[in-house]
Amino acid sequence: EGAGAGGAELKTRILEMPVFYDDPWTRETLMRFRERHQDPGATDLEYTARINGYPDVPALIAAHAGSPWFVSMVGFVAGLPFLTQMVERAKQIQAPKYLRPRTDTPKLTIGHGGCFGAIYSVRGAGGYQMFGITPMPIYDPSQTISYLRDFMILFRPGDIVKFRPVGRDAYDAAVEEVETGRFTPLIREVDFSLAAFQADPAGTNAALLGVLHG
């Protein structure tokens, strides 16, 4: 909806998503499946930081959370978004999937495979590198979560997502707010121009974040 000539203009939304990076649940899971990983001696974050040239995990997290992500499609599993990092191609985080898929991935895991990010809408098998977890549900078939009552799936193709790192206390507080119906996602309507982004990615991202936090 709202696409202009050539699909270069899009009326869409930008959302902020809290993420507890290097959380205990994805860490426990990844440790159970190290024999299926390229580097059994490292965590997924450590491995991804190393192969992308970051000096440490905090630098990788800063890059992952530092720019918006574009929802290129929703599917494969109900409500699961595939995300493209909105930076120049040379700066995109890349990491292969596990050598063999896991049989378990925590619900709402923030994953990465190839050059794509993903958010696991439900618990299940998976092969993407696991970076963290969000307290913000993205799929609710019962439609009891306050912001998913009108439609059970949060994301739409064309949405833009900005990750915000949080610690354990903020994560737990957000989980409680979701459970008590008090959690309200930060969502803003925004106009996105592909031509403007291609001409000036950093400037376009700054403008998008200005709308989000304005």
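No value in this document is a laboratory result; all are computed from the given coordinates. Remember, predicted model here, so these are calculated numbers, not experimental data. Glycine gets a Cβ as well: all are built from the backbone with ideal geometry, and neighbour counts include every protein chain shown.
Odds and ends about this structure:
- Our summary gives segment 5-213 a relative contact order of 31 percent, counting only alpha carbon pairs under 8 angstrom and 6 or more residues apart.
- Share antiparallel - DSSP beta bridges, the chain, percent rounded to 5: 85
- Local electrostatic count, Asp104, Cβ distance below 9 Å [Lys/Arg +1, Asp/Glu -1]: +3
- Model label points for Phe76 and Asp150, set 7 angstrom from Cα along the Cα-to-Cβ axis, are 2.8 nm apart.
- Centre-to-centre, using Cα atoms only, segment 97-148 and segment 19-52 are separated by 15 Å.
- Maximal additional length on extending the Ala90-Ser142 stretch stands at 14.6 nm, based on 0.36 nm per residue less the C-alpha distance.
- Under 12 Å, Cβ to Cβ, from Glu16 - net charge with Lys/Arg +1 and Asp/Glu -1: +3
- 222 nm mean residue ellipticity, helices alone, for the chain (DSSP H n ≥ 4; -39,500 (n - 2.57); rounded to 500): -8000 deg cm²/dmol
- Backbone HN-Hα couplings from phi across segment 113-122 [Karplus 6.51/-1.76/1.60, Hz, Gly and Pro as x]: x, x, 9, 10, x, 8, 10, 6, 6, 9
- For segment 5-213, fraction of C-alpha pairs farther apart than 33 Å, in %: 12
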